[in-house]
Amino acid sequence: MSKYLLVYNICEIGKTNLQWYITCIDNLLKIKYKKYHILISGCRVTKDTKTELYNRYKGKVSFYYTEHYLPVNITFNKAVIDAVSRYGEFDGYIYIDSGVDIEDKYNILNEIEKRFSTNKYGMISVQTDDDNGHYWFLNREQFLRDPYIRKEDFIVPLGKCVHLHFQCFHNNLLKAFGRLLPDIFIAYCTESVLSFLNASIDKQWVILKDIILKHDKGTDGATLSYDHTGPRGQHWNNLYGCMDIIPLLSNSLTKEVGFGYEEINHILMHDDSKFTSEGFAKDKKLLEFVKDNLYLTNEHLDYRFIFDNFFDITQPVKITESY
């Protein structure tokens, strides 16, 4: 039986949502699976919410809070890194959007485990009832008829994606890249490169059939720490520290490994000839390419100097207020 870290990601820059968080976390604690741990990861969370969550869940979950204005890619990564430093590696890490409520689907980890234990998949996505992004690979007629994956699991093709709401990442990804989510992105485009992370470690990305979770798209708001399109006015060229994606897209190594980027908007299409029929990279340099180009270096952002705090289920704490 695999061991999972469930990271429930919240942010109160725009508004507070304490009662919704409680509903969602209460249901996560009812999951019928023996080996999982819940971590609440928050960005700029108010003192009142921190206090209420701690008083309700102390001894049951762990807490990670950052006081910097940061994208969720970075706060999620840092929460996972800190959890691993305290508890050791998990087999899988599950990213949960604050808008997701599993409701009564308490068997969800057992369903994930069925796929995870095959060792085929680097990422496993669970569907949501809105904003699932299935229109990126279903044609319009299919999507309007039925936007969900039914009857059999669906392998996400290279260059395609779904939206990141409830997703399991294999520990092999953490070992390969040192972090899970590519963190050069401020707002958009993260999902557009995820298939290449899987390809680089000979894994696939699968969507579970039939299971559909409740999702409130507007719970916390999207990317409140930064502008969605950035100073260039291009959603696909809006990177941390105002980096420019264009030199990477025109790099000879980019072409050599067959990398694609934001293919849904035809920014850079991948080269199918560089991948096997299973979607695995023929050129093993893809892994180093991803690591070197889709993740921040310490010169861009040294994670050690993020102003944050982590406290686990046994640690007494003093609740601090965001400055």
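The values are calculated or read from the model by the stated rules, or taken from the named source; none is laboratory data. Here the structure is a predicted model, which is why all the values come from computation and not from measurement. Because the Cβ atoms are built from the backbone with ideal geometry, glycine has one as well, and the counts that use them run over all protein chains shown.
Of note:
- Scan of region 113-145 for residues that are over 15 Å from PHE166 (Cβ atoms) and of a type in the set (Lys, Arg), ordered by number: LYS114, LYS120, ARG140, ARG145
- Checked across region 173-185, the condition of being more than 19 Å from ILE201 (Cα to Cα), assigned to a loop (DSSP other than H, G, I, E, B), small (Gly, Ala, Ser) and touching a residue at least 40 places away in the same chain (Cβ under 8 Å) holds for no residue.
- Region 242-281 - residue that is assigned to a loop (DSSP other than H, G, I, E, B) and hydrophobic (A, V, I, L, M, F, W, C) and, of those, surrounded by the most Cβ atoms within 10 Å (Cβ to Cβ): PHE259
- Only one of ILE112, ILE124, ILE149 that is in a helix (DSSP H, G or I), crowded, with 17+ Cβ neighbours inside 10 Å and among the β-branched types (Val, Ile, Thr): ILE112
- Considered as a group, the residues in region 174-222 that are closer than 22 Å to ALA79 by Cβ and in contact with a Lys or Arg (Cβ under 8 Å, 6 or more places away or on another chain) include one that is surrounded by the fewest Cβ atoms within 10 Å (Cβ to Cβ), and that residue is GLY178.
- Hey, VAL156 under 25 Å from GLU262 (Cβ atoms) and either in contact (Cβ under 8 Å) with a residue 24 or more places away in the chain or surrounded by 22 or more Cβ atoms within 10 Å (Cβ to Cβ) (or both) or not: yes
- Of everything in region 132-146 that is in contact with a strand residue (DSSP E or B) (Cβ under 9 Å, 6 or more places away or on another chain) and in a loop (DSSP other than H, G, I, E, B), the residue that is surrounded by the most Cβ atoms within 10 Å (Cβ to Cβ) is ASN132.
- The one condition from (1) of a type in the set (Lys, Arg); (2) surrounded by 14 or more Cβ atoms within 10 Å (Cβ to Cβ); (3) farther than 26 Å from ILE96 by Cα that LYS284 does not meet is (2).
- Condition check for ASP220: of a type in the set (D, E, K, R), part of a loop (DSSP other than H, G, I, E, B) and under 30 Å from PHE154 (Cβ atoms): yes
- Of the residues making up region 152-162, those that are in a loop (DSSP other than H, G, I, E, B) and within 22 Å of THR190 (Cα to Cα) are VAL156, PRO157, LEU158, GLY159, LYS160, CYS161, VAL162.
- Condition check for ILE212: modelled with pLDDT of 95 or more, more than 23 Å from PHE275 (Cα to Cα), under 15 Å from the mean Cα position of the chain (by Cα) and not charged (D, E, K, R): no
- Checking each residue in region 11-26 for being among the hydroxyl-bearing types (Ser, Thr, Tyr) and at pLDDT below 95 picks out only THR16.
- Hits in region 6-49 - residues which are under 25 Å from ASN171 (Cβ atoms), outside any helix (DSSP H, G or I) and free of Cβ contacts under 8 Å to residues at least 60 places away in the same chain: LEU29, LYS34, LYS35, HIS37, ILE38, LEU39, ILE40, SER41, GLY42
- Residues that are modelled with pLDDT under 90 and assigned to a loop (DSSP other than H, G, I, E, B), drawn from region 293-323: ASP312, ILE313, THR314, GLN315, PRO316, VAL317, LYS318, ILE319, THR320, GLU321, SER322, TYR323
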